[in-house]
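Asks: Below is a structure I'd like to ask you about.
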Amino acid sequence: MHPSEALTTKQPATGIHPLRFLLVLMMVSIFMIFAAYTSAYIVRRNEGNWLEFDLPFGFLITTLILAASSATVQWAWFAARKDELTQVRTALALTTVLGIAFLIGQWQMWEQLVGARIFFAGTDANPSGSFLYVLTGVHAFHLITGLIFLLIVLRKSFNYQVHSRQMLSIGNVTIYWHYLGALWLYLYLFLLLNH
């Protein structure tokens, strides 16, 4: 092969859009963060000086809210496939409202924990409480990024940029939102079983 031919030869495609690939990398890195946190949780718990307390019941409610938001984001994706733009907008707006409700609920759970004298830091803090705040707080941060992503896609839907021939953005936000829901379910079950 002549050297000039080598420059014009196309490389085989990976079959995945660069933005989807970036999303997958981001989700893998988030998973590694939480794997490290939950591993550290178990190690520190086994060292002793660990305050045992019940998780607030409201965490179950916020879990159900987030599960409902997964259903609405999936509804938005199905509606986009059928070019039902009004349904896309309605479902994305509902998902956003449910995501905000989840965050408000998490904040209220933090207030309950503080009321029960479970603190993040300070002389009265215990590692069990600190870990709970870190795990739920870091998840909440990522959920805020998901809400921003949802709002961007919602804006695109009003500009007719989300439909059966332009599914990338709604596909990515749907994957990411389901991922955040599954991650929260993992954290919730982990805390129930190890708290």
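The values are calculated or read from the model by the stated rules, or taken from the named source; none is laboratory data. Worth saying up front: this structure is predicted, and the values here are computed from it rather than measured. In this analysis, Cβ positions are derived from the backbone assuming ideal geometry, glycine residues included, and neighbour counts consider all displayed protein chains. To get the accessible areas, we keep the full protein, side chains included, count just its heavy atoms, and leave off ligands, DNA and RNA. Shrake-Rupley method; radii C 1.70, N 1.55, O 1.52, S 1.80 Å.
Asks: Within the group 162, 134, which residue is hydrophobic (A, V, I, L, M, F, W, C), over 19 Å from residue 65 (Cβ atoms) and buried (at least 18 other Cβ atoms within 10 Å of the Cβ)?
Replies: 162
Asks: Right, something else. Of the conditions (1) within 18 Å of residue 62 (Cα to Cα); (2) of a type outside the set (S, T, N, Q); (3) over 18 Å from the mean Cα position of the chain (by Cα), residue 179 satisfies every one except a single condition; which number is it?
Replies: Among (1) within 18 Å of residue 62 (Cα to Cα); (2) of a type outside the set (S, T, N, Q); (3) over 18 Å from the mean Cα position of the chain (by Cα), the lone unmet condition for residue 179 is (3).
Asks: List the pairs whose first member sits in the range 76-89 and is at positive phi, whose second member is open to solvent by less than 70 Å² (accessible area, probe 1.4 Å), and whose Cβ atoms are under 7 Å apart, counting only residues at least 6 apart or on separate chains?
Replies: 83/163; 83/164
Asks: Looking only at the range 11-50, filter to residues that are assigned to a helix (DSSP H, G or I), within 17 Å of residue 191 (Cα to Cα) and among the hydrophobic types (A, V, I, L, M, F, W, C); which one of those is least open to solvent (accessible area, probe 1.4 Å)?
Replies: 34
Asks: So which residues in the range 70-84 are out of contact with any Phe, Trp or Tyr (no Cβ under 7 Å at 6 or more places or on another chain) and assigned to a helix (DSSP H, G or I), if there are any at all?
Replies: 71, 72, 74, 75, 76, 77, 78, 79, 80, 81
Asks: Might you check whether a residue that is touching a helix residue (DSSP H, G or I) at 6+ places or on another chain (Cβ under 9 Å), under 21 Å from residue 180 (Cβ atoms) and in a loop (DSSP other than H, G, I, E, B) occurs anywhere in the range 51-60?
Replies: Yes.
Asks: Of the conditions (1) part of a helix (DSSP H, G or I); (2) open to solvent by 30 Å² or more (accessible area, probe 1.4 Å); (3) in contact with a helix residue (DSSP H, G or I) (Cβ under 8 Å, 6 or more places away or on another chain), residue 121 satisfies every one except a single condition; which number is it?
Replies: (1)
Asks: Here's a follow-up. Of all residues in the range 89-118, which are more than 20 Å from the chain's Cα centre (by Cα) and part of a helix (DSSP H, G or I)?
Replies: Within the range 89-118, 89, 90, 111, 112, 113, 114, 115 qualify.
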